[in-house]
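Structure record follows, encoded as structure tokens.
Read-outs throughout are calculated quantities, based only on the coordinates presented, and are distinct from any laboratory measurement. Not measured: the values here are computed from a predicted model. Here Cβ is always computed from backbone atoms with ideal geometry, including for glycine, and neighbour counts include all displayed protein chains.
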Amino acid sequence: MLVGEQEEPMPFRRWIFAAALSALLLLSGCASSRAVTGSAEMPYLPSTPPKVEEIFHLPTGLRLSIDGMMEMLSGARLVSVGETHDNLNDQRVELTVVRGLHRRFPGKIAVGMEMFREPQQAILDRWVNGELSELEFLKASKWYETWGYDFGAYRDLLLFAKEHRIDVIALNPSKDLQEAVRRTGLDNVPEDLRRKLPEIGETDPWQRAVLRGVFGGHGGHGGGDESFDSFLRVQLLWEETMAQKVVDYLKGPRGEGKRMVTITGGWHVKYGFGLPKKVVRRMPIPYAIVLPEEISTPEQQEGRLMRVDLPEVPLLPAHFLWYVPFNSIEEKRVRMGIRMEEKEGRLLVESVAPGSPAEKAGIAKGDELLALDGEPVKESVDVLFRVGEKRGGDTAQVTVRRGGEEKTLALRF
């Protein structure tokens, strides 16, 4: 500008641009100082409280549809679902995952289940091949002695596997091996069981810290380091055996080109340092963890969910959280109200609950149970199976022997 010339006012467009740029810089400065909330376990806190049936993808913080989750799970060769054993909605999630993957990859899916031990594999194969009825399967697998939870919670999943000839793999070690490891440690297992020991890797430090808290939260656990070491050994034996079974199957001819869905308790897969890490150590494959996350009332949680003191773990607990309500099979099942004992080939009534359907029907302590609705009952599982088919308001004809005399009593559930 020459001396004596007047300065031209800034053109209006340039002024608007400069003002907008200044505002943008001010806003970016404010944004950079805004606190970011979240944690290692939940880096993206939901903007609104999670609702039942919402699926949350932890690595991105996105809510997904079931189809969206299934599309992402399709890229994994191992999908580990961790359940709370007494919530029917957890088993519903498991069936949904298995069904969805089977639909996408028919004939290329297998299911591994913690609920079965290695010696039961032949029984599982016969079940899938259609050679056993449900009652025959319960007896042959010793379901109630081995697992103990009501079979009704897993019936739909196992029936789906049977219908579609989906291999079901027993993941847990034999009871003999488990007891030997618990009592004597890994280095002193008897020779006849030693060959069944899986390779035991170095203990993950975060898993050890978490299991410390879980150990303290389990009711009835006492003692100090020696008791915890025994608890830890068994947990590691379970997971190393599970991992070995998964890898043996996927590397073998039956598992060629297949994906596996594992069904275990949540602590075996949460954070990934349990079963998933032990699989990857043996066989590097893509995996995903799905955890049903229970939304329930304090009353529903009381006496069921452990109160544990855990360290802050710098790991995502899962890839997907699926929020579910709590529904117990206890809410659906009916009971006769008796305790039974098998003695010298007879099935006897050990006790009768006051006010129960059995007491109202006239069943008494010491009665020998002979039949239910005309079907012979010789073992406890016979009664559990028949009663499991009943619903509230149904009736049953119970035949007993008392003092050498047979009686048929009418019972209403």
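Assorted remarks:
- Asp229 versus Tyr44: modelled label distance in nm, points set 7 Å from Cα along the beta carbon direction: 4.5 nm
- By the Cα gyration tensor, segment 116-228 has an equivalent ellipsoid whose semi-axes, rounded to whole angstrom, run 32, 18, 14 from largest to smallest.
- Once both labels are positioned 7 Å from their Cα atoms along Cα-to-Cβ, the gap between Glu312 and Phe160 label points is 3.9 nm.
- With 10 Å bins from 0: P(r) over segment 334-412, alpha-carbon pairs, percent: 20, 62, 18, 0
- Expressed to the nearest 5 percent, the antiparallel share of DSSP beta bridges inside the chain is 55 percent.
- Peptides 267-274, 333-340 ordered by average Cβ neighbours within 10 Å, highest first: 267-274, 333-340
- The alpha carbon centroids of segment 349-391 and segment 118-176 are separated by 25 Å.
- Our helix-only sum for the chain, with -39,500 (n - 2.57) per DSSP H run of n ≥ 4 divided by its residues, gives a mean residue ellipticity at 222 nm of -11000 deg cm²/dmol.
- Relative contact order of segment 334-412, pairs being alpha-carbon contacts under 8 Å that are 6 or more residues apart, as %: 28 percent
- Selected from Thr184, Thr262, Thr96 as most flexible by GNM, with the chain as the system and alpha-carbon contacts under 10 Å: Thr184
- Taking every C-alpha pair closer than 8 Å and separated by at least 6 residues, the mean separation divided by the residue count of segment 224-382 gives a relative contact order of 14 percent.
- Only Lys, Arg, Asp and Glu carry charge here, each on its Cβ (+1 for the first two, -1 for the last two); on that basis the chain has a dipole of about 700 debye about its Cα centre.
- Think of the chain as a dipole: +1 on every Lys or Arg Cβ, -1 on every Asp or Glu Cβ, centred on the Cα centre; then among Thr48, Ser227, Ala110, Ala110 lies furthest on the positive end.
- Per DSSP, loop chymotrypsin sites (Phe, Trp or Tyr not before Pro) in segment 289-359 with at most 14 further Cβ within 10 Å: none
- Inter-label distance for Leu186 and Glu379, nm, one decimal - labels placed 7 Å from Cα along Cα-to-Cβ: 3.5 nm
- Placing a label point 7 Å from the Cα of Ser328 along the Cα-to-Cβ direction, the residues of segment 91-128 whose backbone N falls under 20 Å from that point are 91-93.
- Calculated on the Cα set of segment 55-330, radius of gyration then Dmax: 18.2, 52 Å.
- Ordering Leu211, Leu101, Val189 by Cα displacement along the dipole of the chain toward the positive end leaves Leu101 in first place; charges were set at the Cβ atoms of Lys, Arg (+1) and Asp, Glu (-1).
- Flagged links, alpha-carbon separation over 27 Å, of Lys175/Lys258; Lys142/Lys343; Lys139/Lys365: Lys175/Lys258
- Those residues of segment 48-92 whose amide nitrogen sits under 19 Å from the label point placed on Val280, 7 Å along Cα→Cβ: 57-61, 72-82
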